[in-house]
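Report on the structure given below.
The numbers here are math on the coordinates, done by the rules we state, and not lab data. Predicted model only: the values in this text are computed from it and were never measured. We place every Cβ from the backbone using ideal geometry, glycine too, and count neighbours over all the protein chains shown.
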Amino acid sequence: MKSGFYGIIPKTILHHKKLKATSKLIYAEIMACLEDDGSCIKRNIYFSNVLNIAKDTASRNIAELRDYGFIYVQIELEKGTERFIKRCITPMQNFLWVNQDADIPYMQNNLGVDESTRGTDALTYMQNTQTLLSNNNISKIYTNGNKSNTPINNDINPEQLIALKNVASNFLHKQKKRFPHLFEGKDETDLLNKAINTLYDLIKLDKVNYNVVCDVLDFTLGDKFWHSQVTSLHTLRHKANNGNIKFHNILTSYNQQGG
């Protein structure tokens, strides 16, 4: 479990007119306690102790940060028993780069990413923003509890990890709602880690621009054929019958349709 010496409060949060002061402090503490996968797994009692606030206050503050889209919350439960295993809080980055009214909850201010921020260096760009919007509901995943998951590629730095995790989580969340039967019995943390590694390899090894990756994933979700062919992102680099990896075949369809 990681714990840093510094807690960062972005100006967008620090100057937010409606966020409670304790919510801002909790965000800083979250940033100071990120794990290697870019999430914080501290429980409410921890925030209560270190910030000298009531446990219920910590819970309400975290809910407020989530409601405004500043964090993404995922709860891991043991499959079959519903036993709580851990809660993962991931800081979001969209709000740092979108010209939005800080008083409006994030999910009501669906502006997307300012096109002027898009760069040509995919790995630099992913440190600054991501183009897919995140659902601000609490996500639940069910695992066997003791099963080891695919490790995150060590070459992925913390900023890249947050951006890639947001993209992968959004995609998997939408596909799970469409095809719940395909996710039954699968370890979603393992699926997420594999997806993150695959997206990184597409950018780093296959030299696909980050913007293109995001646009093609958006296309995939909306295409009447491809949306049912890609439910797990780690298959994007698998070779198809024509010798191309699946992502390149989707990219071809995307380009043919004027993407």
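Tabulated values for the structure
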{"item": "Ranked Met31, Met92, criterion: other C-beta atoms within 10 Å, fewest first", "result": "Met31, Met92"}
{"item": "Neighbour cut-off at most 15 other Cβ (10 Å), DSSP loop, trypsin sites (Lys or Arg not before Pro), region 190-259", "result": "Lys207, Lys224"}
{"item": "Proxy reagent accessibility, fewest Cβ within 10 Å first, across Thr235, Thr22, Thr220", "result": "Thr235, Thr22, Thr220"}
{"item": "Global geometry of region 204-254, whether rounded, prolate or oblate, following the gyration tensor of its Cα atoms and the 1.5 cut on a/c", "result": "oblate"}
{"item": "Long pairs among Lys207/Lys239; Lys174/Lys194; Lys207/Lys246; Lys204/Lys239; Lys24/Lys79, criterion Cα-Cα beyond 22 Å", "result": "Lys24/Lys79"}
{"item": "Gain upon complete extension [Glu159, Ser59; 0.36 nm per residue less C-alpha separation]", "result": "33.4 nm"}
{"item": "Efficiency of FRET between Thr81 and Ser253 - r from beta-carbon atoms, R0 51 angstrom, step 0.05", "result": "0.75"}
{"item": "Low-density loop cleavage sites - chymotrypsin sites (Phe, Trp or Tyr not before Pro) in region 170-231, where at most 13 other Cβ are within 10 Å (DSSP)", "result": "Phe225"}
